[in-house]
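Encoded as structure tokens, the structure appears first; notes follow it.
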Amino acid sequence: MKKALLMTPGPSQVPPQVLQAMAEPIFHHRTAEYKELQSEVTERLKRIFFSSGEVVVLAASGTGAMEASVVNVLGGGRKGLSLEGGKFGQRWGDICQAFGYECERVEIEWGKAANPAVVAERLAANKSIAAVYATLVETSTGVENDIRAIGEAVAGTDAILVVDGISGAGGSELRFDDWGVDILVVGSQKALMMPPGLALAVVSEKARKLIETADRQAYYFDLKKALDKAADSDTPYTPANTLVRALATSLRMIEGEGIEAVFARHRLLAEAMRAGAQALGMKIFAERPAAVVTAIELPESIDGSALSKLLEKKFAVKVAGGQEHLKGRILRVAHMGYCSPSDVIVALSALEMALAELGAKVEPSAAVKAAEAVFARA
């Protein structure tokens, strides 16, 4: 028997209480019961995202909310600006391209963070840019972008700031109102400690005005319809009500811990994971490492794919490898949501043993000792 430890950057581990909520009897969605549930969820989401905006709940993956934030904003001569420092940043430009919208694609070296000064320059040079599309945590590289500084670059212009918070929101610090975010898209299966299936969009008043006047190419993902219904704690189409019930449970847990404490826990887990990796002589790939996932550069002698397979097969620890040109070169270990110091210790211990089995020269227990030292100081 193997007890698996899921340390991938989505899906992440789900608390038993959340799974139990999904197992409760099904109920009808066009009822006062559902409206009360959605009202609770949206109010809790506003608090943990520090937002006064409106919240839309969609039955979709996070990419559905990304698409919605493009097709409800651009078109009719409006243009986008996408900040692309990895596979998921590129998705913004890909969505724009799929619908034929003009989009300036800012290519950023993988492992580097977006430069807010570039955003300011592009907006000053092109007044037809209606939306800047950014990523809170680029999980393909382990980078956490400076959304606050990007928000400052967008503030005072007619453009809105749209942030992919799918992997980070709820774990990495994000303050919607104070940082000038106008649309935040989130997926349920990451720091919110849920199974996949829900996409969330938090919308500012500035973004709502842009949506109201947009030449929308949407039916199911029509945010105007969704926002109108959300005002009555409802949805235009069938909601994933069992997932919404589970989300209410996870949000209660997050608020019970305290969102500031949640941020601090994620920062601590990240520090310990980085310390452990560095104690094994490896480098952290990201120049601005994220709080929810760590990308580790592997020794040239180590095949990243073989390492990932060995970690899963022999040690029952599931992590993620690199993508595209980083395949085989980095290992991505998540520490988001329902994750504790003991999970980090187990993952690092397995990493030590797997590296040694593949021929790397590692000092036994070096990673574990380094992580323990971080936790001891906390």
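Laboratory data are not the source of any read-out in this text; all were calculated from the coordinates shown. Only a predicted model underlies this, so the values are computations on that prediction, with no experimental measurement involved. Here Cβ is always computed from backbone atoms with ideal geometry, including for glycine, and neighbour counts include all displayed protein chains.
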Give the range of the longest stretch in the chain that excludes all GluC sites (Glu not before Pro) found in loop regions by DSSP and having at most 16 other beta-carbon atoms within 10 Å. 110-286
Row for segment 72-209, column shape: gyration tensor on C-alpha, a ≥ b ≥ c, rounded if a/c < 1.5 i.e. under 1.5, prolate if a/b over b/c, else oblate; value rounded
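Viscosity 0.890 mPa s, temperature 25 °C: what is the translational diffusion coefficient of segment 227-350 from Stokes-Einstein with a Kirkwood Rh over Cα pairs, rounded to a whole number of µm²/s?
Values: Rh = 16.8 Å.
Answer from the Stokes-Einstein relation: 146 µm²/s.
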0 to 90° range, to nearest 10: angle between helix 304-315 axis and the chain longest Cα axis: 70
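Take the Cα atoms of segment 149-277, build their convex hull, and give its volume per residue in Å³. Show your work: numbers first, answer last.
Values: hull volume 18.2 nm³, N = 129.
With only Cα atoms used, segment 149-277 gives 141 Å³ per residue.
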Taking every alpha carbon pair in segment 238-306 and sorting the distances into 5 angstrom bins from 0 up to the bin holding the longest one, the percent per bin comes out as 3, 14, 16, 15, 13, 11, 11, 10, 5, 2, 0
For ALA23 paired with LYS313, estimate the spin-label separation in nm (one decimal), with each label point 7 Å from Cα along the Cα-to-Cβ line. 3.3
Here, LYS361 and THR213, labelled 7 Å along Cα→Cβ, have an inter-label distance in nm of 6.6
Residue farthest toward the positive end of the dipole of the chain, with Cβ of Lys/Arg at +1 and Asp/Glu at -1: which of PRO116, ALA334, VAL319? VAL319
What pairs from LYS127/LYS190; LYS35/LYS79; LYS87/LYS206 go past 32 Å between their alpha carbons? LYS127/LYS190; LYS35/LYS79
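Hey, got a sec? Which trypsin sites (Lys or Arg not before Pro) in segment 94-201 land in a DSSP loop and have at most 16 other Cβ atoms within 10 Å?
On the way: sites: ARG105, LYS112, ARG122, LYS127, ARG148, ARG175, LYS190; in loops: LYS112, LYS127, ARG175, LYS190.
Hits after loop and neighbour filter: LYS112, LYS127, ARG175.
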Can you give the angle from 0 to 90° between the axis of helix 366-377 and the longest principal axis of the chain, with both taken from C-alpha atoms, to the nearest 10? 60
Measuring from the longest principal axis of the C-alpha atoms of the chain, the long axis of helix 32-48 (C-alpha) lies at a number of degrees, nearest 10, equal to 60
Using alpha carbons only, how many angstrom separate the centre of segment 192-231 from the centre of segment 130-185? 17
Would you be so kind as to identify which of GLN90, ILE129, PRO25 lies farthest towards the positive end of the dipole of segment 16-257, taking Lys and Arg as +1 and Asp and Glu as -1 on Cβ and the Cα centre as origin? PRO25
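Quick check on the chain: helices-only [θ] at 222 nm, where DSSP H runs of length 4 and up contribute -39,500 (n - 2.57) each and the sum goes over total residues. Nearest 500, please. Please report the intermediate quantities before stating the final value.
Numbers: 13 runs with 159 residues, N = 378.
Rounded to the nearest 500, the figure is -13000 deg cm²/dmol.
In debye, nearest 20: dipole of segment 16-257 around its Cα centre with unit charges on the Cβ of K, R (+) and D, E (-)?
300
So what are the chain's ellipsoid semi-axes, whole angstrom, largest first, if each one is the square root of 5 times an eigenvalue of the alpha-carbon gyration tensor?
Details: eigenvalues 242, 130, 58 Å².
Over the Cα atoms of the chain, the ellipsoid semi-axes are 35, 26, 17 Å.
With a sphere of radius 15 Å drawn around the Cβ of LYS369, what net charge do the other residues whose Cβ falls strictly inside it have (Lys, Arg +1; Asp, Glu -1)?
Details: positive: ARG274, ARG377; negative: GLU271, GLU352, GLU363, GLU372.
Net charge around LYS369: -2.
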Dimensionless Rg ratio for segment 321-378, taking C-alpha atoms and the 2.2 N^0.38 Å reference: 1.27
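Using the 2.2 N^0.38 Å rule of thumb for compact globular proteins, work out how segment 202-249 stacks up: its C-alpha Rg over that value, please.
On the way: Rg = 12.4 Å, N = 48, 2.2 N^0.38 = 9.6 Å.
Rounded to two decimals, the normalised Rg is 1.29.
Computed over the Cα atoms, what is the radius of gyration of segment 1-155 divided by 2.2 N^0.38 Å, N being its residue count? Write out the running numbers ahead of the final one.
Numbers: Rg = 18.9 Å, N = 155, 2.2 N^0.38 = 15.0 Å.
Normalised Cα radius of gyration, segment 1-155: 1.27.
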Counted neighbours (other Cβ, 10 Å), sorted fewest up, put TYR237, TYR133, TYR219, TYR34 in the order TYR219, TYR237, TYR34, TYR133
What does the C-alpha gyration tensor say about the overall shape of segment 1-89? Classify as rounded when a/c is under 1.5, otherwise prolate if a/b is larger than b/c, or oblate. oblate
Please report the relative contact order for segment 16-257, taking Cα pairs under 8 Å with a sequence separation of at least 6, and give it as a percent rounded to a whole number. 30
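Using the count of nearby Cβ atoms within 10 Å as a rough guide to exposure, how do HIS325, HIS335, HIS266, HIS29 rank from fewest to most?
Details: HIS325 8, HIS335 27, HIS266 24, HIS29 19.
Sorted ascending by nearby Cβ count, the order is HIS325, HIS29, HIS266, HIS335.
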